[in-house]
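Worksheet: the structure to be examined is printed underneath.
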Amino acid sequence: MRGKRTATGAALVAGALAVTGLAFAPTAAAVTPQTATINASCGIFGGGAATLTATQSGTSATITLTSSAVKAPVAVAKDSITSKLTLVKASGGTTVFTGTKNPAMAAGDPVTAGPLTGTVASGDSLEAYGGSLQMTIFGVNVTCTATAKQSPGPFVFD
């Protein structure tokens with residue numbers, strides 16, 4: 001019986017230590033909202049609704065753009081599109097997210113660019129309207145711009 005009480009006591013102490021560790025663990029940085037929608041115009045390459053998905057880890061952030069309205073003009077291999085997403089800061093200036101991450105896409109497939117990486121500061125409020133997404137696909141430049149403010153609102157980083 002004594003062995004059972006010792007094991008139970010040890011389990012309770014371990015559980016209490018785990019809870020205490022969680023209480024003092026640093027919180028993960030967060031961005032709000034995590035997703036926003038925009039209406040994008042990409043000239044002769046199409047346009048329509050697009051979703052921006054943001055993540056944050058400290059001062060590093062990523063944004064992925066997906067759109068079923070904007071289509072790949074040609075078949076594209078994985079990680080072959082060079083993308084530059086420029087977002088407008090509420091405090092003035094811009095923040096740029098870049099990368100060459102994308103899934104493989106057949107001609108006519110919905111476009112996905114990202115995750116694109118950038119650097120943010122605590123309190124940054126970033127909006128797609130007034131910025132742009134520039135993609136280079138096999139030497140062809142495609143520029144997309146938001147035609148209105150993103151919904152539900154700008155990305156605010158912790």
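Details
- When the alpha carbon gyration tensor of the range 65-122 is reduced to an equivalent ellipsoid, its three semi-axes come out at 26, 12, 8 angstrom, largest first.
- Accessible-area order (highest first, 1.4 angstrom probe) of the listed residues 124, 79, 158: 158, 79, 124
- Per-atom-type breakdown for the range 33-158 gives carbon and sulfur 56% of the accessible area (1.4 Å probe, protein chains only).
- Ellipsoid semi-axes in whole angstrom, largest first, where each is sqrt(5λ) of the Cα gyration tensor of the range 88-158: 25, 14, 12
- Evaluated over the range 26-121, the Cα radius of gyration and Dmax, each in Å: 14.0, 47
- Electrostatic tally near residue 121: other residues with Cβ closer than 11 Å to its Cβ, Lys and Arg +1, Asp and Glu -1, net -1.
The values are calculated or read from the model by the stated rules, or taken from the named source; none is laboratory data. Given the structure is predicted, the values throughout are model-derived calculations rather than measurements. Quick reminder, even Gly has a Cβ in these numbers, built from the backbone with ideal geometry, and neighbours come from all protein chains shown. We work out accessible area using only protein heavy atoms, side chains counted, and drop any ligands, DNA or RNA first. Shrake-Rupley method; radii C 1.70, N 1.55, O 1.52, S 1.80 Å.
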